[in-house]
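First comes the structure, then the notes that go with it.
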């Protein structure tokens, strides 16, 4: 799964004016934009995450994130069940019969990683919404549990950017998905609390709109992120 970092934002001013800007150069508190995420086809499992908050009716529901008529028959969305440490039994499937439809419409909020299994040819999905700013909370389960997560802010680069605000515990791991092998990638990162605390590598990148697994060794916690779009 390849993700193009094409986050183009428009800042909405009090006067209703909008101006284009790059991801790192934003001039207003209210920022909307889009992220293009490439979903590899042929039945590939793509581990992704919704990077923006949809404010339209229905919010971050499947039909807002993955438009009817733009999907391939038999494609599915699989969510992770942290309690069972396995794929959840509630699978969402797309049918191209008639105008097309999803057989369920769950909410996929920013911060949750999930699998999109593309049953057709490779496509590009466009996420459209607002950048979440201020305090935003996602729970993470401890005791060695695998949490399927994504950044609640549209940030790429080192995976450490995706984990902003999370209080880490000794021995935590970040594990990344290899869409080519449909398995966990061999490159992973481990956190140590020795000294000031550090990851044994920060060189692994996590693209905007990508999900990954975070294995928390300590106690369960609320992951509270306070993100603010940079101003000049």
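Every read-out reported here was derived from the displayed coordinates using simple, explicitly stated rules and does not represent laboratory data. This one's a predicted model, so the numbers in the text were calculated from it and none came from an experiment. Backbone-built Cβ (ideal geometry, glycine too); neighbour counts: all protein chains shown.
Packing order of peptides 207-218, 51-62, 177-188, highest average first: 207-218, 51-62, 177-188 (average count of other Cβ atoms within 10 Å over each peptide's residues).
Available extension along the chain between residue 36 and residue 192 is 52.7 nm, counting 0.36 nm per residue and deducting the alpha carbon span. For residue 103, put the label point 7 Å out on the Cα→Cβ axis and report which residues of segment 61-81 keep their amide N under 12 Å from it. Only 74-77 fall inside the zone, counting backbone N under 12 Å.
Normalised radius of gyration (Cα atoms, divided by 2.2 N^0.38 Å) for the chain: 1.01. Its convex hull of Cα atoms gives segment 48-163 a direction-averaged projected area, equal to a quarter of the hull surface, of 8.2 nm². Taken along the Cα-to-beta-carbon direction at a fixed 7 Å, the label points for residue 203 and residue 158 span 1.3 nm. Using only the C-alpha atoms, the convex hull of segment 110-232 corresponds to 132 Å³ per residue.
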